[in-house]
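Shown next, in structure tokens, is the structure this report addresses.
The numbers here are math on the coordinates, done by the rules we state, and not lab data. None of these values were measured; they are calculated from a predicted model. Reconstructed Cβ throughout: ideal geometry from the backbone, glycine too, with neighbour counts over all protein chains shown.
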Amino acid sequence: MDLSKVGYSFLIILALTLDFGFFWGEYNKLANNNFLLLLTAAFVNTLCVYFIFQRNTKPKEKFSFKGREILFATSLVTSLQLWLAIVVWIISADFELTEPSFDRIISLSGGALLANVITTCIVVLDALFHNESTSM
């Protein structure tokens, strides 16, 4: 068992669950959504982008799956959308957080959630294809 792959997969799944935890809920009630949860999701997603970049630039640790570029792109999209949601929240908080601005935050989080699902699927496919090639 490769602990670096376990840790990396853990971060990807943690990023997905944190984003889902923020996105799911009654979006019209501000009290049900936590700014720290959004900030944590953005931070973990940024760590994932860093580790994906590191793994793609080291020749010995490249992904066996051919979708490395897609994996990196979806991770970048996720981080960008979550950080934009944080910026919208901070700017809106200065003018009192209204329902239209909170709808934008939830929409950005939903887009990030979709990108996180794609990222997680790619990581799972990579693990499945890698196991098939080593067992033969």
Taking R0 as 41 Å, what FRET efficiency do you get between Val124 and Ala93 from their Cβ-Cβ distance, rounded to the nearest 0.05? 0.65
How do 37-47, 5-15 rank on mean C-beta neighbours within 10 Å, highest first? 37-47, 5-15
